[in-house]
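One structure, pasted below without further comment.
The values are calculated or read from the model by the stated rules, or taken from the named source; none is laboratory data. Worth saying up front: this structure is predicted, and the values here are computed from it rather than measured. Note that we place each Cβ from the backbone using ideal geometry, even for glycine, and neighbour counts take in every protein chain shown. These accessible areas exclude ligands, DNA and RNA; they are computed on the full protein's heavy atoms, side chains included. Shrake-Rupley method; radii C 1.70, N 1.55, O 1.52, S 1.80 Å.
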Amino acid sequence: MEQLLQQLVNGITVGSVYALVALGYTMVYGILRLINFAHGEMFMLGSYFALTLIVSTRVGVLQLVPNVLLGLLLVFLFSMGLVSTVGVVVERVAYRPLRRSTRLAPIVSALGASLFIQNAVMLTYGTQYQVFPEGLLPTTVWRVFGVEVTLMRVIVLAISLGLMAALYAFVQKTPLGTAIRATALDHDAARLMGIDVDRIILTVFLIGPALGAAGGIMVGLYYRQINFTMGWTYGLKAFTAAIMGGIGNIPGAMVGGLLLGILETLGAGYISTGWKDAFAFVILIAILILRPTGLLGERVAEKT
Amino acid sequence: MALLEVEDLHIYYGNVHALKGISLDVGEGEIVTLLGANGAGKSTTLRAISGLVKPRSGNISYRGGSLNEIPAHEIVRHGISQAPEGRRLFSTLTVDENLTLGAYVRLRDKASVEDSRKRVFDLFPRLLERRNQLAGTLSGGEQQMLAIGRALMAAPQLLLLDEPSLGLAPILVKSIFAKIREINEQGVTIVLVEQNARAALKLAHRAYVLETGRISLSGSAQELLKDERVRKAYLGEK
Ligand SMILES: Nc1ncnc2c1ncn2[C@@H]1O[C@H](COP(=O)(O)OP(=O)(O)OP(=O)(O)O)[C@@H](O)[C@H]1O
Ligand SMILES: [Mg+2]
């Protein structure tokens, strides 16, 4: 029982990161019917930017920044901002010129952008694993009902759930958020309302990469080891989560991410650790065969 | 001076020459109807006025200024809104959210937006009862009310209506047409595209008949109601 609870907590933690990254896939798909295969690289870039910032400003080591948490907050904000900028550039360079072309062209372009970013990072940092500094945060551990909860885990959960709640409120309650939902349904009708569709696309390419970057930073802080290929594995898992929730469906991506995290952790715990990374793909294939519209959504079937 | 003036408008969809030199004008306070068979170019004309398609040549001017170079999302700000063919509601958004989006360009002016919303609800009390319902779950008649209401939320001076009676039972058609008259009496100029030629001609002041991208006839609605060719082709008489 305790073991199960522990695994649920672990699963929700990693799942909340999948969910954050999945939101980027789902929002872009919702607006452009385009799978942004370069999105995994936004996640990876977030991690690398954060590492660089932490090492170069010596957050937590030299105490240049008076408080580690404040320092980390700044690291998050800066890295997310930088990655947003990259996201917007990718949209301008790789997607916008192809907006009126076939559906295959932007996919090829996305893969190109993805390889370009990976190689740029590899050439800058090298192929070896990069390591986040040790002991950034105190290794406080709480025991709740026999479940071990580390400070890092609490931070990861708080940040990802907080960001998701903020995004949900933004999309549901603000005029710009409502305009995003409207544009996802019908570009021309949105234009008739006076919505500037290019601005909506820009907004989505600011938000998606920022959330992906936050996920990457947390994975870096949590596992401490990062590599320039990490965008592929996490990207594919987050993509699976987005498909699970019904791609294009924002709450669906959140649910899909959490669910995938839980299933994966339970699978690793009760079936086999070695196959942990394979579970996501088994699930992806099963969903595509059995329920291609995802658990919550009908977006794929709805006008394409 | 006319409120809206279209001169020698040519529109292409790829190689399809959809409008082949349309000229028409609409005066302030008028109801002008565009009639014509399927594929004649009625919707294309409205889409061009809203900026959704851009002319290859010709000119669209509104209050003396050209709309040719103005992007679609800016045109609403000039006081031109449209209830498009097929309604094009945001189906998974609520009635209220659809109405709010209709006023997207002037949301800062909260009091005036709420005033418009109240006027839409006065015009279509049914929408008030359904305000929290998803637009996609409304009946056909209610959806048409919402499409018109959403266009009214922009507080337009010129309202473009594309086949508002499409798919409605005769009794509903009557009530929608009565509402259109009411909107016009409140000072809104209207361009009405209709298949239902008889009802449209009874409501409108003037009419244009389109045939494969050209205007074949025009005149006052009363003249056209009596016109031999119109009676044969559009009013189903022999
Ligand atoms: N997106 C498009 N791509 C290519 N051709 C188009 C497109 N939209 C319209 N057309 C063509 O342009 C012409 C005019 O179409 P339009 O929709 O304006 O006609 P309409 O008078 O509104 O017809 P209806 O009464 O059926 O609504 C038609 O020949 C149509 O096939
Ligand atoms: Mg039409």
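In whole Å, what is the distance between the alpha-carbon centres of the range A:85-102 and the range B:8-57?
After rounding, the separation between the Cα centres reads 32 Å.
What percent does the relative contact order of the range B:80-155 come to when contacts are Cα pairs within less than 8 Å and at least six residues apart?
54
Considering chain B as a Gaussian network with a 10 Å cut-off on Cα pairs, which listed residue, B:Leu99, B:Leu166, B:Leu34, attains the greatest mean-square fluctuation?
B:Leu166
Can you give the Rg/Rh ratio of the range A:136-225, where Rg is from the C-alpha atoms and Rh is the Kirkwood radius?
1.18
Something else about it: For B:Lys232 and B:Ser91, what is the calculated FRET efficiency with R₀ set at 35 Å and r taken between the beta-carbons, to the nearest 0.05?
0.35
Okay, moving on. When all C-alpha to C-alpha distances in chain B are sorted into bins of 10 Å, what percent of pairs does each bin hold, rounded to whole numbers?
Computed distribution, short to long bins: 8, 33, 37, 19, 3, 0.
Between A:Leu295 and residues 5 or more places away or on another chain, which pairs have amide H atoms under 5 Å apart, with H built 1.01 Å from N, and which residues are they?
Here A:Gly245, A:Gly246 satisfy the definition.
Quick check: residue separation of B:Gln222 and B:His10 times 0.36 nm, minus the Cα distance between them. What number comes out in nm?
Net length gain for the segment: 73.4 nm.
Report, in order of residue number, the helices in chain A meeting two criteria: a C-alpha extent of 24 Å or more along the helix axis, and a mean Kyte-Doolittle hydropathy of at least -0.5; treat each whole DSSP H run as one helix.
A:2-32, A:39-57, A:68-90, A:104-125, A:151-173, A:197-223, A:250-270
Let me ask something else. Using a 7 Å offset from the Cα along the Cα-to-Cβ direction at both B:Asn59 and B:Thr212, what is the distance between the two label points in nm, to one decimal?
Roughly 3.0 nm, to one decimal.
Moving to a separate point now. For the range B:80-155, what D do you get in µm² per second when you plug the Kirkwood radius from alpha-carbon pairs into Stokes-Einstein at 10 °C and 1.306 mPa s?
133
Please give, to one decimal in nm, the separation of the simple spin-label points placed at B:Arg131 and A:Thr233, each 7 Å out from Cα toward the Cβ.
Once both label points are built, they end up 5.3 nm from each other.
Let me ask another. Relative contact order for chain A using alpha-carbon pairs under 8 Å, separation at least 6, rounded to a whole percent?
About 37 percent, as a whole number.
Next question, about the same structure. Once label points are set 7 Å from the Cα along Cα→Cβ at both A:Ala278 and A:Arg224, what is their separation, rounded to one decimal in nm?
Between A:Ala278 and A:Arg224, the label points sit 3.0 nm apart.
Provide the gained length on full extension for the span A:Ile271 to A:Leu5, in nm with one decimal, where the gain is 0.36 nm per separating residue minus the Cα-Cα distance. Don't jump to the answer; show the numbers that get you there.
On the way: separation 266, 0.36 × 266 = 95.76 nm, distance 1.64 nm.
94.1 nm is the gain from fully extending A:Ile271 to A:Leu5.
Next question, about the same structure. How large is Rg over Rh for the range B:145-238, taking Rg from the Cα atoms and Rh as the Kirkwood inverse mean of 1/r across Cα pairs? Write out the running numbers ahead of the final one.
Numbers: Rg = 13.7 Å, Rh = 14.1 Å.
Reported Rg/Rh (Cα atoms, Kirkwood Rh): 0.97.
If a paramagnetic tag sat 7 Å from the Cα of A:Ala169 along the Cα-Cβ line, which residues of the range A:242-266 would have the backbone N under 18 Å from that point?
Under 18 Å, as judged by backbone N against the label point of A:Ala169, lie A:251 of the range A:242-266.
Another one. Please report the spacing between the Cα centers of the range A:164-242 and the range A:256-296 in Å, no decimals.
Value for the Cα centre distance between the two parts: 22 Å.
Using amide H atoms built in the peptide plane, which far-off residues or other-chain residues are under 5 Å from B:Ile215 H to H?
Under 5 Å from the amide H of B:Ile215: B:Ser23.
On to the next question. Taking every Cα atom in the range A:1-157, find the radius of gyration and the maximum pairwise distance Dmax, and write them in Å.
18.8, 56
Quick check on the protein assembly as shown: helices-only [θ] at 222 nm, where DSSP H runs of length 4 and up contribute -39,500 (n - 2.57) each and the sum goes over total residues. Nearest 500, please.
Result for the protein assembly as shown, helices only: -18000 deg cm²/dmol.
A further question on this structure: Restricting to the protein assembly as shown, what percent of DSSP beta bridges are antiparallel, rounded to 5?
Working: 28 of 46 bridges.
Restricted to the protein assembly as shown, the bridges split so that about 60 percent are antiparallel.
Work out Dmax and Rg for the protein assembly as shown from the C-alpha atoms and quote the Rg first, both in angstrom.
28.2, 95
If you count only protein heavy atoms and use a 1.4 Å probe, how large is the accessible surface of A:Val89, to the nearest 10 Å²?
Solvent-accessible area, nearest 10 Å²: 80 Å².
Is there a simple number for the mean count of other chain Cβ atoms within 10 Å of the Cβ of residues in A:178-191, and what is it?
Averaged over the peptide's residues, the number is 6.
A follow-up question, please. Given a 1.4 Å probe and heavy atoms of the protein chains only, how would you sort A:Met1, B:Met1, largest accessible area at the top?
B:Met1, A:Met1
Can you tell me the FRET efficiency between B:Lys202 and A:Leu202 if r is taken as the Cβ-Cβ distance and R0 is 45 Å, rounded to the nearest 0.05?
The pair B:Lys202/A:Leu202 has a calculated efficiency of 0.40.
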